[in-house]
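The structure under discussion is supplied below as structure tokens; questions concerning it will follow.
The values are calculated or read from the model by the stated rules, or taken from the named source; none is laboratory data. Because the structure is predicted, anything quoted here is derived from the model rather than measured. Note that we place each Cβ from the backbone using ideal geometry, even for glycine, and neighbour counts take in every protein chain shown. To get the accessible areas, we keep the full protein, side chains included, count just its heavy atoms, and leave off ligands, DNA and RNA. Shrake-Rupley method; radii C 1.70, N 1.55, O 1.52, S 1.80 Å.
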Amino acid sequence: MKKTVATFQEAKDRGEKLTMLTAYDYSTAKLVDEAGVDSILVGDSLGNVILGYEDTISVTMEDMIHHGAAVARGAKNALVVIDMPFLSYQASVYDAVVNAGRLMKEGRAGAVKLEGGERILPQIKAVTAAGIPVVSHLGLTPQSINAFGGYKVQGKSEKAAKQLLQDALAVQEAGAFAVVLECVPAKLAAVITDRLDIPTIGIGAGNQCDGQVLVYQDMLGMFTDYVPRFVKQFARTGDMMKQAFMDYVKEVKAGTFPAEEHTYQIEDEVIEKLY
Ligand code: KIV
């Protein structure tokens, strides 16, 4: 059954956990979708895990639309959320609405995700008013990495914890239908989850959130440039892939691949006529 914004709220109301994973292409989206994951996030983490940048800053609208549309074609049931990339919404409400609209029209997003709380409330209100569902992203927001001075846990001091709670309540009021909490102490995430009517989706925010999200290359053990504490590797697919690539090299070099069963045949007399 197609998952929607309503599915998210129903899950929160029933106390059922929500699942979200990233995907950036058609075939991965299909697998994630068929596994029954509620929502697929086309994260701007594609800058790191797909494009090899050291952060998400350089990711463009065109990148997000290109990968978003591929994911949308593979996701039959999961709600596809596409990240708004850096500087596609911060500068003005106009930018936010036009670019969120492009992610929906051209990328076929079911919802968009914006980083930031009180400072982008006008954008959240305007995008929501345009009929585009919004997920808010709070805590460690990677597009602000230069302002944070590194990938650090957020909300640890009393002031920061109060600000995070205030941000969460404000984005809910502005119309967001869910909040991603990244790198937030578990007890703070639990308080925020309790105080909000809309669901929280945690990543490095403990198990009291209403749902969880992970980058799929992280949870499959495919991306090991750095492995944050919050990542659980559910498989070591990276090792399996590397072994398969090595086996391929070995068999091609040895002439044992392709074998008979991978080869198309032709009548000998046709070949003889070529001489
Ligand atoms: O870009 C992304 O993958 C994200 C998740 C880490 C939540 O925003």
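Considering the range 138-164 alone, what residues qualify as being part of a loop (DSSP other than H, G, I, E, B) and β-branched (V, I, T)?
Once the filter is applied, which keeps residues that are part of a loop (DSSP other than H, G, I, E, B) and β-branched (V, I, T), the range 138-164 yields T141, V153.
Look through G221, G255 and report the one residue that is open to solvent by less than 80 Å² (accessible area, probe 1.4 Å), at positive phi, more than 16 Å from the ligand (Cβ to nearest atom) and assigned by TED's automatic domain parsing to the domain that holds M20. Can you show your working first?
Working: G255 fails: assigned by TED's automatic domain parsing to the domain that holds M20.
Of G221, G255, the one residue that is open to solvent by less than 80 Å² (accessible area, probe 1.4 Å), at positive phi, more than 16 Å from the ligand (Cβ to nearest atom) and assigned by TED's automatic domain parsing to the domain that holds M20 is G221.
While we're here: Is it true that some residue in the range 236-243 is within 30 Å of E16 (Cα to Cα), modelled with pLDDT of 95 or more and surrounded by 11 or more Cβ atoms within 10 Å (Cβ to Cβ)?
Checked against the condition, which is being within 30 Å of E16 (Cα to Cα), modelled with pLDDT of 95 or more and surrounded by 11 or more Cβ atoms within 10 Å (Cβ to Cβ), the range 236-243 yields at least one hit.
Sort through G131, G36 and tell me the only one that's in the same structural domain as T193 (by TED's automatic domain parsing), away from the ligand (no atom under 16 Å from the Cβ), under 19 Å from V215 (Cβ atoms) and not in a helix (DSSP H, G or I).
Checking each option against the conditions leaves just G36.
So, one more: Please determine, by comparing only the residues of the range 83-108 that are open to solvent by 10 Å² or more (accessible area, probe 1.4 Å) and within 16 Å of the chain's Cα centre (by Cα), which one is nearest to H137 (Cα to Cα).
As a first pass, look at the range 83-108 and keep what is open to solvent by 10 Å² or more (accessible area, probe 1.4 Å): 86-87, 90-95, 97-99, 101-102, 104-106, 108.
So of that shortlist, the ones also within 16 Å of the chain's Cα centre (by Cα) come out as 86, 104, 108.
Details: F86: 13, M104: 18, R108: 20 Å.
Across the range 83-108, the extreme among qualifying residues is F86.
Given V80, V71, which one is in the same structural domain as K30 (by TED's automatic domain parsing), within 15 Å of R102 (Cβ to Cβ) and open to solvent by less than 30 Å² (accessible area, probe 1.4 Å)?
On inspection, the qualifying residue turns out to be V80.
Between a first residue in the range 109-122 that is assigned to a helix (DSSP H, G or I) and a second residue that is within 13 Å of the ligand (Cβ to nearest atom), which pairs have beta carbons less than 7 Å apart while being 6 or more apart in sequence or on different chains?
From the range 109-122, the pairs are I120/L114.
Related question: Filter the range 220-259 down to residues that are touching a residue at least 12 places away in the same chain (Cβ under 8 Å) and of a type outside the set (F, W, Y), then give me how many there are.
16
Here are T56, T19: which of them is hydroxyl-bearing (S, T, Y), part of a strand (DSSP E or B) and either under 16 Å from V180 (Cβ atoms) or in contact with a Leu (Cβ under 6 Å, 6 or more places away or on another chain) (or both)?
Working: T56 fails: part of a strand (DSSP E or B).
Only one candidate qualifies: T19.
Oh, and also: Quick one: would you say G155 is open to solvent by less than 20 Å² (accessible area, probe 1.4 Å), under 16 Å from the mean Cα position of the chain (by Cα), of a type outside the set (S, T, Y) and farther than 27 Å from T60 by Cβ?
Numbers: open to solvent by less than 20 Å² (accessible area, probe 1.4 Å): yes; under 16 Å from the mean Cα position of the chain (by Cα): no; of a type outside the set (S, T, Y): yes; farther than 27 Å from T60 by Cβ: yes.
No.
When you look at Y53, is it in the same structural domain as A11 (by TED's automatic domain parsing), within 19 Å of G110 (Cβ to Cβ) and aromatic (F, W, Y), yes or no?
no
Spot the failing condition for D44; the list is (1) in a helix (DSSP H, G or I); (2) over 13 Å from Q217 (Cα atoms), and only one is missed.
(1)
Can we say L46 is within 13 Å of the ligand (Cβ to nearest atom) and either of a type in the set (A, V, I, L, M, F, W, C) or free of Cβ contacts under 8 Å to residues at least 60 places away in the same chain (or both)?
In short, yes.
Scan the range 166-208 for residues that are within 15 Å of the ligand (Cβ to nearest atom) and either within 16 Å of the chain's Cα centre (by Cα) or in contact (Cβ under 8 Å) with a residue 60 or more places away in the chain (or both) and report the count.
So the count comes out to 13.
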